[in-house]
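The values are calculated or read from the model by the stated rules, or taken from the named source; none is laboratory data. Computed from a predicted structure; not experimentally measured. Backbone-built Cβ (ideal geometry, glycine too); neighbour counts: all protein chains shown. These area figures cover heavy atoms from the full protein model, side chains too; ligands, DNA and RNA do not enter into them. Shrake-Rupley method; radii C 1.70, N 1.55, O 1.52, S 1.80 Å.
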Amino acid sequence: MVALSDKEVTKAQHVEEVILSHLQTHEEIVNSGEFAKANGLEHDLLLSVVQSLHGFNYVEAQDIKKEAWVLTEEGNSYATLGSPEVQVYKAIPLEGISREDLQKKLDVSVFKIGFAKAMGNKWLETKPLVSRKVSNVEDQVQQQLVHIRNGQDLAAADIDALKKRKLIIPLIWKGYSIRKGTSYAPKRTKAATDLTREVLQRGTWKDLVFKDYNYNALGQPTEGGHLHPLLKVRAQFREIFLEMGFEEMPTNNFIESSFWNFDALFQPQQHPARDSHDTFFLQVPEKAQFLPEDYLQRVKEIHEHGGYGSIGYGYNWKREDAEKNVLRTHTTAVSSRMLYKLAQDGFTPKRYFSIDRVFRNEAVDRTHLAEFHQIEGVVCDRGLTLGDLIGVLNEFFSRLGIRKLRFKPAYNPYTEPSMEIFSYHDTLKKWVEVGNSGMFRPEMLLPMGLPEDVSVIAWGLSLERPTMILYGIDNIRDLFGHKVDLKLIKSNPICRLGMR
Ligand code: FB9
């Protein structure tokens with residue numbers, strides 16, 4: 001509701017008084033348009049005043065609509081200057097004129113339209129010169145346009161013809177017929193909207209007119225913070241892990257050394273994922289400052305010559321590659337740090353989880369961005385088997401409402417055996433890949449100093465995929481990134497994991 005300037009307020013009050021005093025002596029104002037004209041009032045202002053008086057039942061207002069025709073700019077010029085065909089006709093001297101000379105006498109569009117129309121009306125000869133075929137013509141079009149301009153009616157056929165020539169356009173005229181309302185008064189008394197201490201003390205409330213309560217009025221929109229759907233689903237995953245006795249790993253470092261992101265995970269230095277096509281390498285700070293020397297030597301050894309029954313990769317391992325800083329490509333880099341720390345602190349069985357951003361230099365498409373949130377679960381204990389992994393996966397996914405799981409052998413450099421996890425999605429009517437998993441290789445765990453009989457099972461999935469499915473979002477760019485429409489953040493349905 002735009003605030004009216006003081007001048008407008010006084011004008012509105014004047015219009016109000018004219019209406020209310022008129023109704024004091026008249027049953028009805030039949031047509032607000034004519035009433036405005038008769039009283040020299042602006043009809044638009046009168047309409048908004050009537051709406052407000054209607055709101056307080058001072059008046060009863062009935063809509064009246066009338067369709068009127070108005071001239072377009074072109075129509076207006078013809079009403080003034082004559083129709084183009086008549087302008088052309090009049091420009092032709094009795095002795096005739098060449099087309100070129102005639103064209104020079106008139107405005108381009110008038111000549112183009114007028115000449116065609118005049119020819120159509122068989123008013124002209126064109127050979128040898130352009131000359132008049134009829135002795136005189138009557139400018140019906142101009143007359144019709146003037147009629148319209150003066151608000152007079154025309155035959156429907158003429159209206160149609162002018163409409164086709166885009167010389168007139170319809171204008172819906174809206175007005176009111178106005179009668180006294182249930183709380184009519186010759187003068188408006190400002191309705192009180194508040195029962196203040198003053199009017200109570202002075203007892204003046206008795207003669208006040210109170211504005212009706214508008215019980216449907218929406219309260220002030222409470223602008224508050226809004227959780228991004230991803231964070232809502234993150235919270236639910238976090239809840240599930242905590243309920244399953246897992247503790248959260250610290251993931252507050254997007255920058256990681258290649259050592260913890262790759263080498264500690266027994267991922268060879270020539271592995272394709274380690275080149276800039278897949279990984280974001282940092283220029284500043286390019287190199288990691290600190291790496292645990294003794295452990296690093298054991299990692300070098302396992303990569304180059306193996307050990308603990310493994311033959312290793314048999315290539316010469318370069319320290320400088322391990323020192324290169326990257327944007328972590330998976331939160332498994334955090335798991336490797338935590339497992340090394342667990343070995344340093346003295347092993348005890350542990351359940352860890354992490355949910356945070358990872359970065360991959362991948363082509364962006366409907367389901368992939370250069371960054372996503374990885375969810376990872378890790379269980380370390382003595383004598384864990386693949387069966388334990390399948391068991392914990394069934395438990396974990398059942399809490400997501402995902403019951404039917406299937407496992408497909410897969411390969412990761414840091415787990416053996418590895419399995420892709422699939423679940424049958426009833427609504428999508430297909431098997432959906434819901435994650436990846438495996439048992440961390442001894443070549444990863446033993447150099448850390450973890451006891452021989454300790455095995456570590458782990459699995460990972462993304463946060464974006466379940467969130468897209470839960471919120472029915474088809475393109476990841478609508479969920480995450482600079483193209484997200486804030487409306488999605490401000491108003492999105494409650495989607496609970498596990499609700500099927
Ligand atoms: O999230 C994925 N799919 C998924 C998960 C849940 C879900 O829930 C629905 C509500 C019902 C639906 C879908 N995926 C993993 C599978 C695919 O989307 C895959 O195409 C894309 N993957 C990402 C990586 O893309 C390059 C998802 C991401 C992923 C993949 C693997 C891991 C983590 C994330 C891992 C791991 C891992 C393995 C072993 C040990 C430790 C970690």
Kirkwood hydrodynamic radius over Cα pairs of the range 9-72, then Stokes diffusion coefficient at 20 °C and 1.002 mPa s, in µm²/s: 171 µm²/s
Calculated Rg and Dmax of the chain using C-alpha coordinates, Å: 41.3, 117
Gained length - Gln283 relative to Gln220, 0.36 nm times residue gap less alpha-carbon distance: 17.7 nm
Where labels lie 7 Å past Cα in the beta-carbon direction, separation of Ala156 and Gln51 in nm: 3.3 nm
Karplus (6.51, -1.76, 1.60) ³J(HN,Hα), θ = phi - 60°, over the range 483-491, in Hz, Gly and Pro reported as x: 8, 5, 7, 4, 4, 4, 6, 6, 9
Centre separation in Å (Cα based) which lies between the range 56-97 and the range 200-226: 50 Å
Long-range amide H partners of His425 with built H, under 5 Å: Lys430, Trp431, Val432
Additional length obtainable on full extension of the chain from Val108 to Glu73, 0.36 nm per residue less Cα span: 11.0 nm
Rounded to the nearest 20 debye, dipole of the range 380-420 from Cβ charges on Lys, Arg, Asp, Glu: 260 debye
For the range 43-178, fraction of C-alpha pairs farther apart than 24 Å, in %: 47 percent
Straight-distance crosslink candidates among aspartates and glutamates, where the alpha carbon sits under 14 Å from Lys300 and sequence neighbours closer than 8 are dropped: Asp263, Glu320, Asp321, Glu323, Glu443
Table column - 3J(HN,Hα) (Hz), the range 283-293, Karplus curve with 6.51, -1.76, 1.60, x for Gly and Pro: 8, 9, x, 5, 10, 5, 6, 10, 9, x, 4
For Lys174, residues with placed amide H under 5 Å, excluding near neighbours: Lys66
Rounded accessible area of Lys287 (nearest 10 Å², 1.4 Å probe): 80 Å²
Rh (Kirkwood; distinct C-alpha pairs) - the range 230-491, Å: 19.2 Å
Per-pair calculated FRET efficiency, R0 = 41 Å: His482 and His425 via Cβ, rounded to 0.05: 0.85
Note, ³J(HN,Hα) from phi for the range 386-403, Karplus 6.51, -1.76, 1.60, rounded to Hz, x at Gly and Pro: 4, x, 4, 4, 4, x, 5, 5, 4, 4, 4, 6, 5, 6, 8, x, 9, 9
Built amide H within the under 5 Å cut-off of Lys180, gap 5+: Glu60
Charge dipole (debye, nearest 20) of the range 107-245; +1 at Cβ of Lys and Arg, -1 at Cβ of Asp and Glu: 360 debye
Most positive-pole-ward Cα, Pro413, Thr251, Met338, against dipole of the range 230-491 from beta carbon charges: Thr251
Charged-residue dipole, Cβ positions (Lys, Arg, Asp, Glu), the range 230-491 about Cα centre, Debye nearest 20: 880 debye
Extension gain from Lys65 to Asp321, taking 0.36 nm per residue of separation minus the Cα-Cα distance: 84.2 nm
Computed [θ] at 222 nm, helices only, for the chain once each DSSP H run of length n ≥ 4 contributes -39500 (n - 2.57): -10500 deg cm²/dmol
Label-point separation in nm, Tyr308 to Leu231, each point 7 Å along Cα→Cβ: 3.9 nm
Spin-label pair Lys404/Thr126, simplified geometry with 7 Å Cα→Cβ offset, distance in nm: 7.6 nm
